[in-house]
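Quick notes on the structure that follows.
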Amino acid sequence: MDFELKTLGTAAAAGEKCDALVLLVPAAFKPGKDALSRLVAQARKAGDLEGKPGPVLQAYRAEGIAARRLVLAPCGEGTPAQVRSAVLAAVGALRGSKARRITLCLGDAPGAAVRAAVGAVAEASYVYATTKSSAEGRKLERVVIGVGNAALARTAFAHATAVVQGIELAKEWANRPPNYATPTMLGEAALELARAQGLECEVLGPKEVAKLGMGSFMSVAQGSNEPLRFIVLRYNGAPKSQAPVVLVGKGITFDTGGISIKPSAEMDEMKFDMGGAASVLGAFRAVAQLKPAMNIVGLIPSCENMPDGRAVKPGDVVTSMSGQTIEILNTDAEGRLILCDALTYAERFKPRAVVDIATLTGACVIALGGVRSGMFATDDGLAEALLAAGDAALDPCWRMPLDDEYADGLKSNFADVANVAGRAGGAINAAKFLQRFTARYPWGHLDVAGTAWKSGSAKGSTGRPVGLLVEFLLGQQLEAAPKPARAPARRK
Ligand code: BES
Ligand code: MN
Ligand code: ZN
């Protein structure tokens, strides 16, 4: 799907040749004298066009409109969230239609609304196709975004289309069935992404990981016939001397629970347990396009969690790369076991900050549902940046506590730490476990167990938190170096 940005007022929009014209109508919309404005004014007068986003008004071959279909979509005060709802409704209404080329008119919407609109078009028109034989792909081919002044919206538009590419890459890999997204395939996908986008990538296998001493990660992988992979991605947009931000994504391509096996109902959804990994790939896809002036490292430990004669057992003690020994009391708490070694590996980059992204706990789904991701941070500035990035990207998170008392349950009589504590505060217990491996840098943790995918009839990856991550990363660019002293300081 191609997006194009254009300066387009209502008069010009009426003449646009496309399959469907969508006009967002904010409450403050002032109708002009053109055909489109007249229709809006008439619909309002008749009470057929509400102010709140949601319901849309559709017309066919409307007078004075070149497009066959016309969709009028109210968007309230035009906040980014309202624009998102309105566009989801409008593009959703066209879903069954033959419309391939649409024009979406936003008027004088600010950058944030342009971003919301582009994201919502992509979301409403996304179709998974990879493993369907009757490959009915996406219907939309071309989307023109019409705004009052295209020059002013250029940056927001570029950001939005890059994020869409990233989200769609994340969705593709997260949605793939587990036999089409093995650790090996995920490693190949990372190499391919790096090749196409000019990134650096290295994929380690069992031998190299053993040499690094990642005993915790290896213990999760040992019950599976699929060999583990450890993916290292690098984006270099600043001098080598500049400390990078490191992203770490949980890449469990299927989580049966291992010997502590899960119930079979909905177990298929545990193919999404690499949603964190997918979001790291997606963020790198977007960053490669936007080219921020900074360095970024992506780490993805990836394996399956399977029960087997060789599988790790409850009671086994393993030695992590950090040297800390871990008593595995529940093999279903595997995410933290692969992440802890990746967090130790991250130390070698002397990072400015490390953020891990993981579908880590069912408890986080209970705490926050599917609206906000759980966010933990050892640094207040980092927490604020993640929170603000989530809000700006309409991909929100919520800060959770890290009081030391929450770690009490992780005590073990046979190792330095146990991998589980009681059920109460489960998302926090998991974060406290991870925190033990992050002493050397500011650390953030996103538990996306509730937000990375949807269940039921809408089952599928959401691509979250790619939007949050890209917003966060762009905000982490350091101020440009101060001008050399030769330039005389300007006086009043
Ligand atoms: N991948 C799951 C977490 C999960 C469960 C995400 C359900 C989304 C929906 C994780 O590996 C897991 O199994 N966690 C356990 C931890 C427990 C054994 C302490 C959980 O949440 O039940
Ligand atoms: Mn598990
Ligand atoms: Zn898991």
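The values are calculated or read from the model by the stated rules, or taken from the named source; none is laboratory data. Please read all numbers here as calculations on a predicted model, not as lab measurements. Heads up, the Cβs are rebuilt from the backbone with ideal geometry, glycines too, and the neighbour counts pull from every protein chain shown. Ligands, DNA and RNA are excluded from the accessible area calculation, which covers all protein heavy atoms including side chains. Shrake-Rupley method; radii C 1.70, N 1.55, O 1.52, S 1.80 Å.
If you count the DSSP beta bridges with both ends in the range 2-148, what percent of them are antiparallel, to the nearest 5?
15
Starting from the exponent 0.38 and prefactor 2.2 Å, build the expected Rg for the range 230-335 from its residue count and divide its actual Cα Rg by it. Write out the running numbers ahead of the final one.
Details: Rg = 17.1 Å, N = 106, 2.2 N^0.38 = 12.9 Å.
Against the empirical 2.2 N^0.38 Å value, I get 1.32 for the range 230-335.
What number in nm² do you get for the range 47-123 if you take the convex hull of its Cα atoms and divide its surface by four?
Numbers: hull surface 21.4 nm².
So the mean shadow area of the Cα hull is 5.3 nm².
Residue by residue through the range 228-245, what is 3J(HN,Hα) from phi via Karplus (6.51 cos²θ - 1.76 cosθ + 1.60, θ = phi - 60°)? Round to whole Hz and write x for glycine and proline.
6, 9, 10, 9, 10, 10, 9, 10, 10, x, 9, x, 3, 5, 7, 4, x, 8
Compute the length gained on full extension between ASN413 and ALA238: take 0.36 nm times their separation in residues and subtract their Cα-Cα distance, giving the result in nm to one decimal.
Between ASN413 and ALA238, full extension yields 58.3 nm more.
Can you list residues from other chains, or at least 5 along the same chain, whose modelled amide H is less than 5 Å from the amide H of ARG100?
Amide H neighbours of ARG100, under 5 Å, 5+ apart: ASP19.
Give the long-range amide H neighbours of ASP356: residues separated by 5 or more places, or on another chain, with amide H under 5 Å away, using H modelled in the peptide plane at 1.01 Å from N.
Correct list: VAL248, GLY444, HIS445, LEU446.
Points 7 angstrom from Cα along the Cβ direction at ALA293 and THR325: gap in nanometres?
Placing both labels 7 Å along Cα→Cβ, they lie 5.1 nm apart.
Just to check I understand the Karplus step: with θ = phi - 60° and J = 6.51 cos²θ - 1.76 cosθ + 1.60, what whole-Hz values come out for the range 101-109, glycine and proline as x?
My calculation for the range 101-109 gives 10, 10, 10, 10, 9, 10, x, 8, 4 Hz in order.
Starting from the Cα of LYS291, draw a straight line to each of the lysines and keep only those under 19 Å, dropping any in the same chain fewer than 8 residues away.
LYS240
Mind checking the angle between helix 150-175 and the chain's longest principal axis? C-alpha axes, 0 to 90 degrees, to the nearest 10.
Compared with the principal axis, the helix lies near 50 degrees.
Output ³J(HN,Hα) for the range 39-56: one whole-Hz value per residue in order, computed from phi by the Karplus curve 6.51 cos²θ - 1.76 cosθ + 1.60 with θ = phi - 60°, and x for Gly and Pro.
4, 4, 4, 5, 5, 5, 4, 7, x, 8, 10, 6, x, 7, x, x, x, 10
Which whole-angstrom value gives the distance between the alpha carbon centres of the range 381-448 and the range 108-135?
The two parts, judged by their Cα centres, are 32 Å apart.
Could you tell me what percent of the DSSP beta bridges with both partners in the chain are antiparallel, to the nearest 5?
Working: 26 of 71 bridges.
Antiparallel: roughly 35 percent of the beta bridges in the chain.
Which order do MET267, MET1, MET274 take by accessible area at a 1.4 Å probe, largest first?
In descending accessible area the options line up as MET1, MET267, MET274.
So if R0 is 30 Å, what FRET efficiency would ALA28 and ASP2 give, r being the distance between their Cβ atoms, rounded to the nearest 0.05?
Working from the Cβ atoms, E equals 0.45.
When the Cα centres of the range 138-188 and the range 206-233 are compared, how far apart do they sit, in Å?
30
Net charge within 15 Å of LEU169 by Cβ-Cβ distance, Lys/Arg positive one each and Asp/Glu negative one each, not counting LEU169 itself? Please list the in-between numbers first.
Details: positive: ARG138, LYS171, ARG176, ARG195, ARG285, ARG464; negative: GLU123, GLU168, GLU172, GLU188, GLU192.
So the environment of LEU169 carries a net charge of +1.
What number do you get for the chain when its Cα radius of gyration is normalised by 2.2 N^0.38 Å, N = residues? Show your work: numbers first, answer last.
Details: Rg = 24.4 Å, N = 492, 2.2 N^0.38 = 23.2 Å.
In units of the 2.2 N^0.38 Å rule of thumb, it is 1.05.
All other residues with a Cβ under 12 Å from the Cβ of ALA86 taken together, and with Lys, Arg as +1 and Asp, Glu as -1, what is their net charge? Kindly include the intermediate steps, with their values, before the conclusion.
Details: positive: LYS52, ARG84; negative: GLU50, GLU77.
Local charge sum for ALA86: 0.
Testing the spin-label approximation: label points 7 Å from Cα along Cα→Cβ at ALA439 and ASN225. State their distance in nm.
If labels sit at ALA439 and ASN225, their model points lie 4.3 nm apart.
Expected output is a single nm value to one decimal: the length gained when fully extending between ARG142 and ALA158, i.e. 0.36 nm times separation in residues minus the C-alpha distance. What is it?
Working: separation 16, 0.36 × 16 = 5.76 nm, distance 1.59 nm.
Net length gain for the segment: 4.2 nm.
Would you mind checking which residues have amide H under 5 Å from CYS397's amide H? H placed 1.01 Å from N; only 5 or more apart, or other chain.
Counting only residues 5 or more places away or on other chains, the set is SER373, GLY390, ASP391.
Please grab the % of Cα pairs in the range 1-152 that end up more than 26 Å from each other.
Of all Cα-Cα pairs in the range 1-152, 18 percent lie more than 26 Å apart.
Please work out how much length the chain gains when fully extended from SER455 to ARG195, using 0.36 nm per residue of separation minus the C-alpha to C-alpha distance, in nm with one decimal.
Values: separation 260, 0.36 × 260 = 93.60 nm, distance 3.36 nm.
Length difference between fully extended and current span is 90.2 nm.
Near ALA210, within a Cβ-to-Cβ distance under 14 Å, what is the net charge of the other residues, with Lys and Arg +1 and Asp and Glu -1?
Cβ neighbours under 14 Å give a net charge of +1.
Please compare each pair in LYS250/LYS454; LYS139/LYS171; LYS52/LYS98; LYS171/LYS211 to a cut-off of 21 Å on the Cα-Cα distance and tell me which ones are over it.
From LYS250/LYS454; LYS139/LYS171; LYS52/LYS98; LYS171/LYS211, over 21 Å: LYS52/LYS98; LYS171/LYS211.
Could you give the dipole magnitude of the chain about its Cα centre, charging the beta-carbon of Lys and Arg +1 and that of Asp and Glu -1, in debye to the nearest 20?
Roughly 2040 debye, rounded to the nearest 20.
Taking every pair of Cα atoms in the range 95-216, average 1/r, invert it to obtain the Kirkwood radius, and report Rg/Rh to two decimals.
1.10
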